[in-house]
Amino acid sequence: MTAHTPGPWITDSKERTDTARYIMAAARPFPHTIARIDLVNRAEDEANATLIAAAPRLLEALKKEQEWRDREAAGELDDGWDYETMVGQYRRDAIAQAEGHQ
């Protein structure tokens, strides 16, 4: 598998009246374009840009959840661990970003 551009990814300003929204990698010395969404149906296309920009964080949350499930299955976690405390905040933050609440 080819490595993707590391996150975080961001979108350009929704305040702009351009006909496209750009998804950019924020971790570079300057924003590096990952994708361009033409704004045909503005509300839907804005939401698509937000969802694409959240992809690295969503992937990170899924990987963290899988890591903890694997550790639990291997018996590496003590009996008192709270799954929702360990995993829940990663998941909630990723979903919030994907839905445009962050």
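Just so you know, all these numbers are worked out from the coordinates, no wet-lab data involved. Small disclaimer: the values here were computed from a predicted structure and weren't measured. We place every Cβ from the backbone using ideal geometry, glycine too, and count neighbours over all the protein chains shown.
Annotations
- FRET efficiency for HIS4 and HIS101, using Cβ-Cβ distance with R0 set to 22 Å, rounded to 0.05: 0.40
- The eigenvalues of the Cα gyration tensor, multiplied by 5 and square-rooted, give the chain an equivalent ellipsoid with semi-axes of 33, 15, 10 Å from largest to smallest.
- Span-like helix ranges in the chain, DSSP H, alpha carbon extent 15 angstrom or more, Kyte mean at least -1.0: 42-53, 83-98
- For GLU44, GLU15, order by how many other beta-carbon atoms lie within 10 Å, fewest first: GLU15, GLU44
- Cα-based Kirkwood hydrodynamic radius, segment 55-102, one decimal, Å: 11.4 Å
- Adding -39500 (n - 2.57) for every DSSP H run of four residues or longer, then dividing by how many residues the chain holds, sets the calculated 222 nm ellipticity at -15000 deg cm²/dmol.
- Taking amide H as placed 1.01 Å from N in the peptide plane, the amide H of ALA20 sits under 5 Å from that of LEU39, each at least 5 places away or on another chain.
- About its Cα centre, the dipole of the chain is roughly 540 debye, where the only charges are +1 on Lys and Arg Cβ and -1 on Asp and Glu Cβ.
- Springs between Cα atoms under 10 Å define the GNM used for the chain, and in it the highest mean-square fluctuation of ILE34, ILE52, ILE23 occurs at ILE34.
- Put simply, the Cα atoms of segment 1-53 extend 32, 25, 12 Å along their principal axes, the longest span coming first.
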